[in-house]
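Enquirer: Once you've had a glance at the structure underneath, I'll fire off some questions.
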Amino acid sequence: MMGMVYLALMICTALPVLALQAGMGAELLSCLALGLIVVKSVLLTDHFMEMRRAPRAWRFAAQAWAPVVITVIAVLNGAG
Amino acid sequence: MNSQASTVISRTPARALPGDVAVWIFIFAELAVFGILFIGFAVARSLDPETFHLGRQALHPWTGLVNTIALISASYLVASAVHRLRLGEAGSNRLLWSAIAVSSIYSCGKVWEYGNLYQQGYNLGTDTFFMFYFFLTFFHFMHVLLGQVVLTVLAVKVGRGDYDGSDMNGMESGASYWHMVDLVWLVLFPLVYVIA
């Protein structure tokens, strides 16, 4: 299971850089990168940090950090 | 009926925080600080997008990618070490030393990147982008170095037999700190290197 999570994290990491090299549009690239951050943070907190076995409130707090930061950044990105 | 119910309850694993509560409070404090810094970066970028666009072009996304792979690989090795120690399997010590070695790729990459940018004339005072770039990445780099010290202490203790899997508190606390460093980089890398 841990190996699969590692592989998924690697793919999610490589995708935005490959898209950047391929010349993907700035807006689409930003959406892709921000979306993949959320996926990676959930995988990392649940499986590597083992928060899936933690009390729900702690698990939620750990998982929510990246999406909250990303949402604010996305809003500011859109406003800019 | 009651005995059946109690059997079901006893089979349900109790939810527990991996590691010490104090370490987790420290981790959340760190995450809050990084979160505020990231939002500050995004605010500055929305005010001066041209400077940030030009600044990002001076960076090498492949360096950032290699650093990310190094940190995720180190996290995987640390998580595997925790898993093995809990099960009482051998090899936990070796995995921790491997994690330190792999994470050193990040440290070397960062030093190379700073040197390369400095030679090109970029520093903290160049513009707003590089002020944020150097501050954010150096602040994170200091956390990586502290994480490597923590992993070294864990590896030595596991090697000496101080941790045998019966009490996972110290091992889980150190591992959680390391994963927090990785989690922060997962946001920092695309924010600085990728997003236009």
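The values are calculated or read from the model by the stated rules, or taken from the named source; none is laboratory data. Quick caveat, the model's predicted, so the values are computed rather than measured. Counting neighbours? That spans all protein chains shown, and the Cβs are built from the backbone with ideal geometry, glycine included.
Enquirer: Looking only at residues that are in contact with a Phe, Trp or Tyr (Cβ under 6 Å, 6 or more places away or on another chain) and crowded, with 17+ Cβ neighbours inside 10 Å in the stretch B:107-126, which one is nearest to B:ALA58 (Cα to Cα)?
Expert: Of everything passing the filter in the stretch B:107-126, B:TYR122 is nearest to B:ALA58 (Cα to Cα).
Enquirer: What number goes with the only condition from (1) within 24 Å of B:ARG45 (Cα to Cα); (2) at the interface with another protein chain (Cβ under 7 Å from one of its Cβ atoms); (3) touching a residue at least 12 places away in the same chain (Cβ under 8 Å) that A:MET2 does not pass?
Expert: So A:MET2 meets the others, but not (1).
Enquirer: Can you confirm whether A:ALA14 is closer than 20 Å to B:ALA70 by Cα, more than 9 Å from chain B (Cβ to nearest Cβ) and surrounded by fewer than 18 Cβ atoms within 10 Å (Cβ to Cβ)?
Expert: no
Enquirer: Filter the stretch A:37-51 down to residues that are in a helix (DSSP H, G or I) and facing chain B (nearest Cβ under 9 Å) and give me whichever is farthest from B:GLY19 (Cα to Cα).
Expert: A:ILE37
Enquirer: Could you tell me whether any residue of the stretch B:127-141 is more than 17 Å from the chain's Cα centre (by Cα), within 14 Å of another protein chain (Cβ to nearest Cβ), under 19 Å from B:LEU188 (Cβ atoms) and surrounded by fewer than 18 Cβ atoms within 10 Å (Cβ to Cβ)?
Expert: Yes: the stretch B:127-141 contains one or more residues that are more than 17 Å from the chain's Cα centre (by Cα), within 14 Å of another protein chain (Cβ to nearest Cβ), under 19 Å from B:LEU188 (Cβ atoms) and surrounded by fewer than 18 Cβ atoms within 10 Å (Cβ to Cβ).
Enquirer: Another one. Restricting to the stretch A:62-80, what's the tally of residues that are within 7 Å of another protein chain (Cβ to nearest Cβ) and more than 15 Å from the chain's Cα centre (by Cα)?
Expert: 4
Enquirer: Answer with yes or no whether B:LEU65 is part of a helix (DSSP H, G or I), at the interface with chain A (Cβ under 10 Å from one of its Cβ atoms), crowded, with 18+ Cβ neighbours inside 10 Å and modelled with pLDDT under 90.
Expert: Yes.
Enquirer: Here's something else I'd like to know. Given the residues B:ILE100, B:ILE27, which is the only one that is away from every other protein chain (no Cβ under 12 Å), under 15 Å from the mean Cα position of the chain (by Cα) and either crowded, with 18+ Cβ neighbours inside 10 Å or not in a helix (DSSP H, G or I) (or both)?
Expert: Going through B:ILE100, B:ILE27 in turn, just one is away from every other protein chain (no Cβ under 12 Å), under 15 Å from the mean Cα position of the chain (by Cα) and either crowded, with 18+ Cβ neighbours inside 10 Å or not in a helix (DSSP H, G or I) (or both): B:ILE100.
Enquirer: While we're here: Among the residues that make up the stretch B:85-98, is at least one of them within 23 Å of A:ALA66 (Cα to Cα) and of a type outside the set (Asp, Glu)?
Expert: Checked the stretch B:85-98: no residue is within 23 Å of A:ALA66 (Cα to Cα) and of a type outside the set (Asp, Glu).
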